[in-house]
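Enquirer: This is the structure, below, for whatever I ask next.
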Amino acid sequence: MTTMTKEKLELAVADGTMMSAYVAYPAQGGPSPGLIVFQEAFGVNRHIRNVSDRFAAEGYVVIAPELFHRTAPGFEGSYTDFPAVMPHYQAVTPERAEADIRASYEWLRANARVKADAISSIGFCMGGRVSFIANSVVPLRAAVAFYAGGIAPGLLDRAAKLQAPSLFVWGGLDKHIKPEHRKAVTDALSTEKKEYVNAEFSRADHGFFCDERAAYEPHSARQAWALTLEFLRS
């Protein structure tokens, strides 16, 4: 019996930079669906690697690209020191994110162990916004965004370009993302007749899925995980 394998690799990005990425392969040989996991603002840290491993255990070939590779390669920030994160967070412009998305997507698509027509994305916080962007630039099968701030109002013009069904996961107690901004996202998709699922967990705050953050809410996290797996499968 084969076991899940993990590795770190370097990808060439179209803007001339090199980007590290964490990769986890499922135990079975495949070909398997592919999944891009986009980090929170705290880097491809233990939590993001753990989430990647959990998806690999569910049968996905997973790549988690380091979105801060231009300003802080290998960065892993503290959950209690957001000011230290901000310069790197702000450096992830939509244009740079698009380049990183394409590099990650093309790596999966060229991998013999991946079903080229079954590549999806998921992201958390900042990564949720990047997952939304990804759905507008590469032909995904599905796109998931957990508590993705910054889609509204700045990226709503991308709603018309979305190529795959979207799942949005929000915390009802989240003060970082206003209710009107959450509504603006789904309104934009409805206007463009795009397929989506919108899930708000009333007892959860921003970052509730991360079991290493103070905001972790285990009941909501378990339900959101089950919903995500079903959404990606179907």
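Enquirer: Given S20, S78, which one is under 26 Å from D211 (Cα atoms) and touching a Leu at 6+ places or on another chain (Cβ under 8 Å)? Break it down stepwise before answering.
Expert: Values: S78 fails: touching a Leu at 6+ places or on another chain (Cβ under 8 Å).
Being under 26 Å from D211 (Cα atoms) and touching a Leu at 6+ places or on another chain (Cβ under 8 Å) holds for just one of S20, S78, which is S20.
Enquirer: Next question, about the same structure. Taking the stretch 118-173, which residues are under 15 Å from the mean Cα position of the chain (by Cα) and charged (D, E, K, R)?
Expert: Result: R129, R141.
Enquirer: Show the residue pairs that are 6+ apart or on different chains and have beta-carbon atoms under 9 Å apart, the first residue being within the stretch 1-20 and under 20 Å from A72 (Cα atoms), the second being assigned to a loop (DSSP other than H, G, I, E, B) and of a type in the set (A, V, I, L, M, F, W, C).
Expert: Within 9 Å, the pairs are M19/V13; M19/L67; S20/V44.
Enquirer: Can I ask one more? Scan the stretch 13-64 for residues that are surrounded by fewer than 22 Cβ atoms within 10 Å (Cβ to Cβ), in a loop (DSSP other than H, G, I, E, B) and of a type in the set (D, E) and jot them down.
Expert: Answer for the stretch 13-64, where residues must be surrounded by fewer than 22 Cβ atoms within 10 Å (Cβ to Cβ), in a loop (DSSP other than H, G, I, E, B) and of a type in the set (D, E): D15, E58.
Enquirer: When you scan the stretch 65-110, how many residues do you find that are surrounded by 16 or more Cβ atoms within 10 Å (Cβ to Cβ), aliphatic (A, V, I, L, M) and under 22 Å from H47 (Cβ atoms)?
Expert: Count: 7.
Enquirer: Only one of A204, A159 is touching a residue at least 12 places away in the same chain (Cβ under 8 Å), in a helix (DSSP H, G or I) and crowded, with 20+ Cβ neighbours inside 10 Å. Can you tell me which?
Expert: Working: A204 fails: in a helix (DSSP H, G or I).
Going through A204, A159 in turn, the sole match is A159.
Enquirer: Hey, S190 hits all of (1) surrounded by 17 or more Cβ atoms within 10 Å (Cβ to Cβ); (2) polar (S, T, N, Q); (3) free of Cβ contacts under 8 Å to residues at least 60 places away in the same chain; (4) out of contact with any Leu (no Cβ under 7 Å at 6 or more places or on another chain) but one; which does it fall short on?
Expert: (1)
Enquirer: Another one. Quick one: would you say F82 is more than 16 Å from G128 (Cα to Cα), more than 16 Å from the chain's Cα centre (by Cα) and aromatic (F, W, Y)?
Expert: Spelling it out, F82 is indeed more than 16 Å from G128 (Cα to Cα), more than 16 Å from the chain's Cα centre (by Cα) and aromatic (F, W, Y).
Enquirer: Restricted to the stretch 117-145, and to residues that are assigned to a strand (DSSP E or B) and in contact with a Leu (Cβ under 8 Å, 6 or more places away or on another chain), which residue is farthest from H88 (Cα to Cα)?
Expert: I119
Here, each number is a calculation from the coordinates, and none is a lab measurement. If you're wondering where the values come from, they're calculated on a predicted model, not measured in any experiment. All Cβ positions, even for glycine, are placed from backbone atoms using ideal geometry, and neighbour counts span all protein chains on display.
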